[in-house]
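Enquirer: Okay, here's the structure, questions in a sec.
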Amino acid sequence: MNIRGVNEVRVVGENVATGVYPFMEALRMAEEIGLDLVEISPTAVPPVCRIVDYKKFLYDLKKKQKELKAKNTTAEL
């Protein structure tokens with residue numbers, strides 16, 4: 001995902017001081033830790049971003065979607 005057109009973002013994540021930061025500072029913080037800055041809620045003001053490992057984030061997201069799909073199956077009689 002590309003985060004565009006924002007000056008400030010709200011940063012959340014583990015081992016990160018939660019708060020509103022300038023976009024470039026948030027990106028620098030993520031790079032220092034060796035993780036990625038991922039936009040979680042683009043419609044919020046300011047947009048909410050999380051500092052996480054992007055590949056792990058995608059894996060967990062797919063896993064949750066698969067679990068929800070399995071729970072939504074209906075039995076027909």
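Enquirer: Would you mind computing, in nm to one decimal, how far apart the modelled labels at Tyr54 and Thr18 are, each placed 7 Å from Cα along Cα→Cβ?
Expert: 2.5
Enquirer: Taking loop as defined by DSSP and a crowding limit of 15 other beta carbons within 10 Å, which GluC sites (Glu not before Pro) in region 1-48 fit? The partial results should precede the final answer.
Expert: On the way: sites: Glu8, Glu14, Glu25, Glu31, Glu32, Glu39; in loops: Glu14.
Counting only loop positions with at most 15 other Cβ atoms within 10 Å, the GluC sites (Glu not before Pro) in region 1-48 are Glu14.
Enquirer: Moving on to the next point. Per residue, how much accessible surface does region 19-61 expose to a 1.4 Å probe? Answer in Å², no decimals.
Expert: Details: 2700 Å² over 43 residues.
The answer is 63 Å² per residue.
Enquirer: What is the gain in length, in nm to one decimal, between Glu8 and Ser41 on full extension, counting 0.36 nm per residue of separation less the C-alpha to C-alpha distance? If you can, show how the numbers build up before the last one.
Expert: Details: separation 33, 0.36 × 33 = 11.88 nm, distance 1.32 nm.
Going from the current span to full extension adds 10.6 nm.
Enquirer: For Tyr54, Tyr59, Tyr21, write out the residues from largest to smallest accessible area, computed with a 1.4 angstrom probe and no ligands counted. Can you show the working numbers first?
Expert: Working: Tyr54 70, Tyr59 140, Tyr21 40 Å².
Listed by decreasing accessible area, they come as Tyr59, Tyr54, Tyr21.
Enquirer: Grab the other residues whose beta carbon is less than 13 angstrom from that of Val48, score K and R as +1, D and E as -1, and report the net.
Expert: 0
Enquirer: Roughly speaking, what is the stretch gain from Glu32 to Lys69, that is 0.36 nm per residue apart minus the C-alpha to C-alpha distance, in nm to one decimal? Can you show the working numbers first?
Expert: On the way: separation 37, 0.36 × 37 = 13.32 nm, distance 3.69 nm.
Taking 0.36 nm per residue and subtracting the Cα distance, the gain is 9.6 nm.
The values are calculated or read from the model by the stated rules, or taken from the named source; none is laboratory data. Here the structure is a predicted model, which means the values were calculated and not measured. Virtual Cβ from ideal backbone geometry, glycine too; neighbours counted across all protein chains shown. Side chains are part of the model used for accessible areas, which takes the heavy atoms of the whole protein and leaves out ligands, DNA and RNA. Shrake-Rupley method; radii C 1.70, N 1.55, O 1.52, S 1.80 Å.
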